[in-house]
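Quick notes on the structure that follows.
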Amino acid sequence: MHELGLVNYVVKQVSKIAEENEAKKVCSVTLEFGEVSGIVPSYLYNYWNWYIKKFPLFEGAKLYCETIPAVTWCDDCKKTYPTVTYGKECPRCGGGNTWLQQGNEMNIKQIEVE
């Protein structure tokens, strides 16, 4: 249920940015998050729609989500591969000396305001 905390964080950050830029209304927010971040998009949308009702600045604001693919780096063969398909073991060399290069992050990518 960390999605509620994420929505709270995003609303606070976007409110601050909107205020700094004298925006009258937030129309949409686009988030990008990693494929293995553990974020459940349906929960995020539900919490968003419930939470923004408390803030007139966000009235009717849409939430858009984009997924960042999870990519793992292999230190043994110096190549990357898709994490979700192959996990921790490199499909090229069979090595386990790997680490997640991307796919666990969450960013506010874009804010549309009036």
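Taken together, the values in this text are just the output of simple stated rules run on the coordinates, not laboratory data. Just so you know, these numbers come straight off a predicted model, no measurement behind them. Backbone-built Cβ (ideal geometry, glycine too); neighbour counts: all protein chains shown.
Observations on the model:
- Close pairs from region 19-32: first under 15 Å from residue 52 (Cα atoms), partner among the basic types (Lys, Arg), Cβ under 6 Å, at least 6 apart: 28/62; 30/109
- Scanning region 90-114 for residues that are outside any strand (DSSP E or B) and within 20 Å of the chain's Cα centre (by Cα), we see that the one that is surrounded by the fewest Cβ atoms within 10 Å (Cβ to Cβ) is 105.
- Residues that are among the small types (Gly, Ala, Ser) and under 30 Å from residue 17 (Cβ atoms), drawn from region 68-111: 70, 103
- Checking every residue in region 35-53 against the condition of being small (Gly, Ala, Ser), in contact (Cβ under 8 Å) with a residue 12 or more places away in the chain and under 26 Å from residue 85 (Cβ atoms) gives at least one match.
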